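Each remark here refers to the structure printed beneath this line.
The values are calculated or read from the model by the stated rules, or taken from the named source; none is laboratory data. These figures come from a predicted structure and were not determined experimentally. Here the Cβ is made from the backbone with ideal geometry for all residues, glycine too, and neighbour counts use every protein chain on show.
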Amino acid sequence: MKRTIALFFCSLFAITCFSQKNNIVPAPQKVVYSQGSFVFSNCSAIRVDEKNEDLLKAVRPLVSKLRIAAGIDLLSAKKCKTGNVVRIALDNTIKSPEGYQIVVKPSVIDIKAQQPSGVFYAVQTLLQLLPVNIESPVPVKNEQWKISCVEVEDAPRFAYRGVMLDVARHYMALDSVKRIIDLIAMQKMNRFHWHLTDSQGWRFESKKFPKLTKIGAFRKGTPLNTTYDYNSRPNDTLYGGFYTEDQMREIVKYAADRFITVVPEIEMPAHSKSALAAYPELACLDSNGHAFAYPSDIQDEYCTKDETFTFLDGILEEVMDIFPSEYIHIAGDEAGKANWKKCKFDQQRMKDENLKDVEELQSYFIKRIAQFVNSKGRKVIGWDEIMQGGLAPGAAVMSWTGVENGIKAAKQEHNVVMTPGGYCYLDHYQSDAPGEPVAFGGLTTLSKAYSYEPVPAELNAAQGAFINGVQGNLWTEHIPYAKKAEYMIFPRAIALAEVGWSQPQQKNYEDFARRLSSSYLKRLDLHGVNYSKHMYDLKLVNSVDGKGNVFMQLGGVANGKNIYYTLDGTTPSEKSPVYKQRVLVKHDCVITAALLNDGIVTDRLQKAFAIHKGVGKRATLKNAPNKNYNRGGNDAWHNGSKGSDEQFSNDEWLGWNDEVFEGTLDFGKAVKFNSVKTRFFHKPSSWIWMPKSIIIEVSDDGTNFRTIAKKELQVPANEGAIPVELTFDQVNARYFRVTAEPHGKIAPGNVGAGDASWLFVDEVVIE
């Protein structure tokens, strides 16, 4: 009786028998292990219809990886009496177009699927059932290439499972794009949304409109500006690039060979400065009927005159000639529409079409574009702002501003891809740990991404059927190179892959983390992927006692997992000290903490400590920091811990808006010192500016202060943490005061012009 119950339990919940743990990502619907194993050898063969090119593409990863890592050629197997075989068959009894079945026995592996795509996903599962070294790019010796006997039945929950890559802000080389496609194919994603144009760059080669790439593909310098003054270019440093028609066709084929559809995006009506820099005649006129100043005032939105639609129809014809996808992404997001309210052409359009406001004008714009795309046998998809003024017939919606518009669109029976920023934006920070590379903002942890449920509870079953899937989005304002893109995408995209593939009742974050650390991340290591190591919410905080002693404390990891640490900045190993209680920090150091699973670092964070004379001393501030930028408390400016070089919103940076930073320390008695080091954050794109000056004063009585050092500060060329040091003849004093004067009002031509600047201060080190 007990045995019968155990077998029933194993089958019902698709867990593994015979103590075999399932390591497959995304979690399959059903996995049942049995005794025995299939061992690949030079006698192993594959039986597949070699006339079916799609089937050959589907089995290629298994064939090529066995050939490279194991030296086994399934297509040219030796004739052996005891040879085993992998059999591939298409089977219409499998209901899901992307579903598959795998049955592994010692003598045979049977793979069945309705479509070649299902065979491809079965192959991805089979590769995960093999030893991790199957992913090795070089031959591996002394490895037994075996798979435990198992039955797998699987199919995706959603038809659309994707990742969006923005190459407009920063051009990315073709090989880097291919690498991302390879990696998302491993996790059974089937859409690659390619964001090809934006105000910061036009990456799509147009034969009809060559100035789009001659001008719009290259901006002046490397910051994220939108300066495209073509006339001054001989003396400028240009930054950018574009993809030729042949290169884009190459990407389409490369993705299709991995059963991924490329969805191209061409921005309209807004985010179009790069296009309007090339063709300013498509811009609006001001309220006086004059063209806006060019190139100093390039507009963000196309004018709605007929010439614009002729232009965009021509572009979209070229796009559809290259990209065979059912949907063409036309954006439609974040249109300010201010110029539409002034321009005579737009105002006339509203009168002619009987439109009551600019929201309806946007709807007219989108519907007219959709009508053209539909006439070519395709459909449009756009960000949820395309709903403003009414949705175009047949248009699909990507719900990014939240879930509300996705709910509305589904209730209107429009197809929806859910991609809300709080769960699916891969440009957000994935940890608030010190040392994280700069991101756009927000915090989307791996566990939060994994927790997302794409079908809102507000929808009934019929409405929920219009939720087609889920997508992760990587916007690249702060991601200028491919390795950082990998860091931001992985492993959060793997979590979203499981959100899109697996049924809700199969999801369990602890098990997902186990499967990642025990197998999948090791596979990524063999591919050299620069993935983030923040699987859990590992925390590192410091505290100061009444004697000025600094302590490091670690936490945030449950279930009795060991946290290892080092004090020299190196990555911990299992030979490093295990954290058991708070650690006294006696000298300047860089503390690195890590959580290890099977020898793989799944969580890592780092913090620099500077032990100086001001640590732990009684302090006062003339002005309290802004409550939104005071996470480390008022004493963060002298607590012995440094902030991030790139991120100003962590525990150790304090921020003031249009106020002086003035901090005073009481040493309790006269002490000697001769230098002060600190850092200020400089990021004009976020309204944060270097202060005008820094002044150091001392006092013997706390009332009468004298200046011992002063430094006028220049606006630096680079953004980030800017070090400042003042040295002076040795002084002997009880009281110390540091004052930094804010930059003041932001000058015209900068982000936030006319508003008050912010001032951010890091640790003030007194020696």
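Things to note:
- Which listed residue is crowded, with 22+ Cβ neighbours inside 10 Å, in the same structural domain as LEU282 (by TED's automatic domain parsing), under 11 Å from SER274 (Cα atoms) and among the acidic types (Asp, Glu), from ASP166, ASP198: ASP198
- Search result, residues across the range 585-602 that are touching a strand residue (DSSP E or B) at 6+ places or on another chain (Cβ under 7 Å) and in contact (Cβ under 8 Å) with a residue 60 or more places away in the chain: ALA594, LEU595, VAL601, THR602
- Across the range 295-316, the number of residues qualifying as assigned to a loop (DSSP other than H, G, I, E, B), under 20 Å from PRO210 (Cα atoms) and among the β-branched types (Val, Ile, Thr) comes to 1.
- Among (1) crowded, with 20+ Cβ neighbours inside 10 Å; (2) touching a residue at least 60 places away in the same chain (Cβ under 8 Å) - the single one GLY382 does not satisfy: (2)
- Considering the range 712-730, the residues that are closer than 13 Å to PRO691 by Cα and not in a loop (DSSP other than H, G, I, E, B) include one that is farthest from the chain's Cα centre (by Cα), namely GLU712.
- Residue count for the range 512-541, restricted to those that are among the hydrophobic types (A, V, I, L, M, F, W, C) and in a helix (DSSP H, G or I): 6
- Sole residue being assigned to a helix (DSSP H, G or I), closer than 30 Å to VAL104 by Cα and not assigned by TED's automatic domain parsing to the domain that holds LYS65, chosen from ILE181, ILE251: ILE181
- Some residue of the range 504-512 being out of contact with any Cys (no Cβ under 6 Å at 6 or more places or on another chain), surrounded by fewer than 18 Cβ atoms within 10 Å (Cβ to Cβ), free of Cβ contacts under 8 Å to residues at least 40 places away in the same chain and under 26 Å from VAL138 (Cβ atoms): no
- Within this structure, GLY668 passes the test of being out of contact with any strand residue (DSSP E or B) (no Cβ under 6 Å at 6 or more places or on another chain), in a strand (DSSP E or B) and closer than 28 Å to GLN553 by Cβ.
- Only a single criterion out of (1) buried (at least 19 other Cβ atoms within 10 Å of the Cβ); (2) assigned to a strand (DSSP E or B) is not satisfied by GLU98, namely (2).
- Matching residues, the range 654-691, being within 13 Å of LYS710 (Cα to Cα) and surrounded by 16 or more Cβ atoms within 10 Å (Cβ to Cβ): VAL676, LYS677, PRO691
- Given (1) modelled with pLDDT of 95 or more; (2) surrounded by 13 or more Cβ atoms within 10 Å (Cβ to Cβ), number of the condition ALA721 does not satisfy: (1)
- Sole residue being crowded, with 19+ Cβ neighbours inside 10 Å and part of a loop (DSSP other than H, G, I, E, B), chosen from ILE479, ILE494: ILE479
For (1) assigned to a helix (DSSP H, G or I); (2) in contact with an Asp or Glu (Cβ under 8 Å, 6 or more places away or on another chain); (3) buried (at least 18 other Cβ atoms within 10 Å of the Cβ), each residue gets a yes or a no:
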{"residue": "ALA270", "(1), (2), (3)": "no, yes, yes"}
{"residue": "GLY289", "(1), (2), (3)": "no, no, no"}
{"residue": "ALA293", "(1), (2), (3)": "no, no, no"}
{"residue": "GLN348", "(1), (2), (3)": "yes, no, no"}
{"residue": "SER363", "(1), (2), (3)": "yes, no, yes"}
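- Every residue from the range 641-658 that is closer than 9 Å to ASP762 by Cβ and at pLDDT 95 or above: LEU654
- Residue list for the range 324-341, restricted to those being in contact with an Asp or Glu (Cβ under 6 Å, 6 or more places away or on another chain) and over 10 Å from GLU301 (Cβ atoms): HIS329, ALA331, GLY332, ASP333
- There is no residue in the range 654-663 that is more than 15 Å from PRO742 (Cβ to Cβ) and outside any helix (DSSP H, G or I).
- Boolean, LYS207 is outside any strand (DSSP E or B) and over 30 Å from ILE24 (Cα atoms): yes
- Residue match in the range 216-234 (condition: under 30 Å from SER117 (Cα atoms), among the charged types (D, E, K, R) and not in a loop (DSSP other than H, G, I, E, B)): no
- Only one of the listed residues (ILE407, ILE366) is of a type in the set (A, V, I, L, M, F, W, C), closer than 19 Å to ALA270 by Cβ and in contact (Cβ under 8 Å) with a residue 24 or more places away in the chain. That residue is ILE366.
- Considering the range 424-471, the residues that are outside any loop (DSSP other than H, G, I, E, B) and either in contact with a Lys or Arg (Cβ under 6 Å, 6 or more places away or on another chain) or assigned by TED's automatic domain parsing to the domain that holds TRP653 (or both) include one that is surrounded by the fewest Cβ atoms within 10 Å (Cβ to Cβ), namely GLN463.
- Hey, GLY377 in the same structural domain as TYR487 (by TED's automatic domain parsing) and closer than 29 Å to ILE494 by Cα or not: no
- Unique match (being small (Gly, Ala, Ser), assigned by TED's automatic domain parsing to the domain that holds PRO625 and within 21 Å of TRP653 (Cα to Cα)) among SER686, SER699: SER686
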